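Laboratory data are not the source of any read-out in this text; all were calculated from the coordinates shown. The structure presented is a predicted model; accordingly, all values stated were derived computationally and were not measured. Using ideal geometry, Cβ is built from the backbone for each residue, glycine included, and neighbour counts are taken over all protein chains shown.
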Amino acid sequence: MTRGSIVQAVAATGTVNPVTTVQVGTYVSGPIIAIYVDFNSQVNAGELMAKIDPRPFAAQVALAQAALANAEAQLRKDEANLSYQRLTYGRDALLVKQAVISQDQLDNQRSVFDQAVAQVGLDHASVQQQRANLNAAQLNLNYTNIRAPVDGTVVSRNVDVGQTVAASFQTPTLFLVAKDLTKMQVDSNVSESDVGGVRVSQPVDFTVGAYSAKIFQGTVVQVRKAPITVQNVVTYDVVANVSNPELLLMPGMTANVSIITARRDNVLRVPLRALSFVPYRQVTPGNQDFQQSDQHSARVWLDVNGKLQPRRFIRGVDDGTNVEVVDGDLKPGETIVIDTIGSRPAGSSHSVAGGPHFPHM
């Protein structure tokens, strides 16, 4: 029995993913006439990645410009008419006072003037509408230039020159850009029986098949509460961030993950095998010294001058090989028996206690 470290971990399988990926799509439909990037291309925000045939959209811009020019010309014409009707109404008002024309004539001129005012208002609205149509046409023309939304690396390209993309009900994804491959994350599927011990900030060790001898390290940043059910097996996504300065880790790699849920350094530890050892003919019903181990306490047997002596202790964390001694009458250097060697009665699993031959640790 010695002192040492015990590391308790949850094993899981995960997938390496970029921390941030951005889907690059298109808002307009048409054939792709040029592609300027490929897989693994480094792009900067705003950089041109592909181009859709702009000719139909350029024609729409020209039509919108013509419609706007026509609306503005109509506005100028009706504004000139409004100025004339305003002067005419003012003149007729003086003539009514001089009894040159009748009040009915003035009222008619007032109606014409009001109509001119209303027409100019309609013309202003028409100009605004045509200007909005022009802005929309110019926006669609700009959308034919597909640009990178962020700095990053192109990890997926789903389009080729000549292919027609249709942006009807759902924006098609043309490219997938990983924002920063020097910062990755591992999404691990942790079983429902183990997820209760997983907490944010716990360390994570994992390996990938491409570098089986290298241990990568990360930190748990999220334990997602949404269950993942596959064939009646429930797991939860545990996300760990990991630094990738050498770009060894690639998106989609399978990771064998070990989430460190507890660590004890310089503690007294007992082999787990010793907890299941029961000497033959020594089990006395009702005697607490010979009761089996449970979740909180345990019993081991010591080799004291060739004799077996039971000791109970409070158990802590275990790593599958050793268990922590939290409290109890055990000391470093004492010999713990894990089995007996010698003649055994037929059908028994252990020989009679006593004698010099005790395999121990």
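Tabulated data
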read-out: Nearest-20 debye value, the stretch 65-200 charge dipole, Cβ charges on Lys, Arg, Asp, Glu; value: 380
read-out: Given charges at Cβ of Lys, Arg, Asp, Glu: the stretch 55-143 dipole, positive-most of Val117, Thr88, Ala66; value: Ala66
read-out: Efficiency of FRET from Cβ geometry, Lys225 and Arg3, R₀ 35 Å, rounded to 0.05; value: 0.35
read-out: Contour excess over end-to-end distance, with Cα ends at Asn145 and Gln103 and 0.36 nm allotted per residue; value: 8.7 nm
read-out: Burial ordering of Ser29, Ser276, fewest other beta-carbon atoms within 10 Å first; value: Ser276, Ser29
read-out: Two-decimal ratio, the stretch 55-143, of alpha-carbon radius of gyration to 2.2 N^0.38 Å; value: 1.62
read-out: Extension gain (nm, one decimal) between Glu79 and Asp180, 0.36 nm per residue minus Cα-Cα; value: 30.6 nm
read-out: Dipole axis of the chain (+1 Lys, Arg; -1 Asp, Glu on Cβ), positive-most option in Ser243, Ser193, Val159; value: Ser193
read-out: Shape metrics for the chain, restricted to C-alpha atoms - Rg then Dmax, Å; value: 41.5, 145
read-out: Ranking of Phe113, Phe175 by count of other Cβ atoms within 10 Å, fewest first; value: Phe113, Phe175
read-out: Student exercise, the chain dipole from Lys, Arg, Asp, Glu Cβ charges, in Debye to nearest 20; value: 660
read-out: Farthest positive-ward along the chain dipole, Cα basis, beta-carbon charges - from Gln222, Ile101, Ser29; value: Gln222
read-out: R0 of 41 Å, Cβ-Cβ distance Asp329-Tyr211: FRET efficiency to nearest 0.05; value: 0.30
